[in-house]
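To start, the structure itself, in structure tokens.
Rule-based calculations on the coordinates, nothing more; no lab input. Bear in mind the structure is a predicted one, so any value in this text is a computation, not a measurement. Every residue, glycine among them, receives a Cβ derived from its backbone with ideal geometry; neighbour counts consider all protein chains shown.
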Amino acid sequence: MAIHLLDAMAREGFEEVVAIHDGRSHLRAFLGLHDTSRGPAFGGIRRWTYATETQALRDCLRLARAMTYKCALAELPAGGAKLVVLDRHDLEPQAAFEYLGRYIERLAGRYYAGPDLGTGDSELRALARHTRFVTDPGPAGPGELAEATAAGVYSGMQSALLHLDGEVDWPRRTIVVQGLGEVGSRVARRLAQRGARVLAAEVHGERAERICGEYGLERLDPASEYDPPCDVFAPCGMGGILHDLTLTRLRCRIVAGGANNVLARALHGDRLHERGILYVPDFVINAGALIRGATFHLHGTREPVEAIERRVGATVASVLRLAAAEDLPPARVAVREAERRLDREHVGHGDRDEDTL
């Protein structure tokens, strides 16, 4: 399905969407600046092999908008953005990221770039050679970004269990962690240390074997990751994984993880609600790295991970209370509350339908 870009921008309140091309490095990318009414836009750089440019653009727009909501609910004086790089066979990554560093510098602080899928320390260092407006992976940067996100996810799980049962009691809980990357492995470690039974699925076999052995996790075949009965299903890999087919397989009570854009469409959050599965909105529970990074860049301080853990847990608890009081899907309530906060900052852009992109 094609995107009518200007219509989508007007409907969703986007300020700017840019297509970026560099012939020397064969770079093709999209940058979406969603909202800077509260402050500069923050968002990671995602490098991924997309089937089409339309798919990449749609991902860029959805992720940028979610970052604005994340900033609003975390009460940060900032907005959302996303830079998506099409990872093609002819891409020269080092040259491409250096080009992006020069491009970001010319934006003069409207956009701060950070890590995401396909953008790690090496890519961040290439960016940092040419721009000040990037997360430095070294000691001069904010540090502990993955740990901050994992702490928030763990705390959000606690809030969800307290919301349903009035207690956490980790030793009697079973958690399925999907994806053992930088965030997922840290979430799994925290849960295992507190006595929970952790089943972990990871597509990279060597990584799965090493981390499961190190933390005492039960290794789960990725082909069956949706099927085990559990208290919490924690998606910590790619987004868009909950859709018509996978929803029917879930046997959990709660969905709460570190991945972005977990729902293929907003209506899948409604379907989880109809099935009695509590969905903790991704842009609420995975805000830890954003809080750590934005606070560092805006105020020059490193907010302690423990403080971020408490902050995210409290926000999750607040959203779940509101949703329960109105018997509404938590994702719908979280979007509504974020837009209410944005509307206090500027005149809204009209009604928005989050399934239109």
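Assorted remarks:
- At R0 = 22 Å, FRET efficiency that the Cβ-Cβ distance of GLU274 and LEU162 yields, to 0.05: 0.45
- Temperature 37 °C, viscosity 0.692 mPa s: under these conditions the Stokes-Einstein estimate for the chain, based on its Kirkwood radius over C-alpha pairs, is 161 µm² per second.
- Each part reduced to its alpha carbon centroid, the stretch 184-232 and the stretch 70-86 end up 29 Å apart.
- Among SER37, SER159, SER25, the ranking by other beta carbons within 10 Å of each residue's beta carbon, starting with the fewest, stands as SER37, SER25, SER159.
- Modelled label positions at LEU5 and HIS89, each set 7 Å beyond Cα in the direction of Cβ, lie 2.6 nm from each other.
- In the chain, the calculated helix contribution to ellipticity at 222 nm averages -14000 deg cm²/dmol per residue, counting -39,500 (n - 2.57) for every DSSP H run with n ≥ 4.
- Using θ = phi - 60° and Karplus 6.51 cos²θ - 1.76 cosθ + 1.60, couplings along the stretch 75-81 (whole Hz; Gly, Pro as x): 6, 9, x, 7, x, x, 8
- Listed residues LEU27, GLY109, MET9: farthest to the positive end of the dipole of the stretch 1-140 (Cβ charges): GLY109
- Counting beta carbons within 10 Å around each of THR149, THR246, THR54, THR131 and listing the fewest first gives the order THR54, THR246, THR131, THR149.
- Largest mean-square fluctuation among PRO137, PRO222, PRO93, in a Gaussian network model of the chain whose springs join Cα atoms under 10 Å apart, belongs to PRO222.
- For TYR111, distant residues with modelled amide H under 5 Å away: ALA41
- Nearest-0.05 FRET efficiency for ARG219 and HIS299, computed from C-beta distance (R0 30 Å): 0.10
- Using R0 = 30 Å, the C-beta based FRET efficiency linking ARG251 and ALA307 works out to 0.30.
- The fewest-to-most ranking of TYR279, TYR99 by surrounding Cβ atoms within 10 Å reads TYR99, TYR279.
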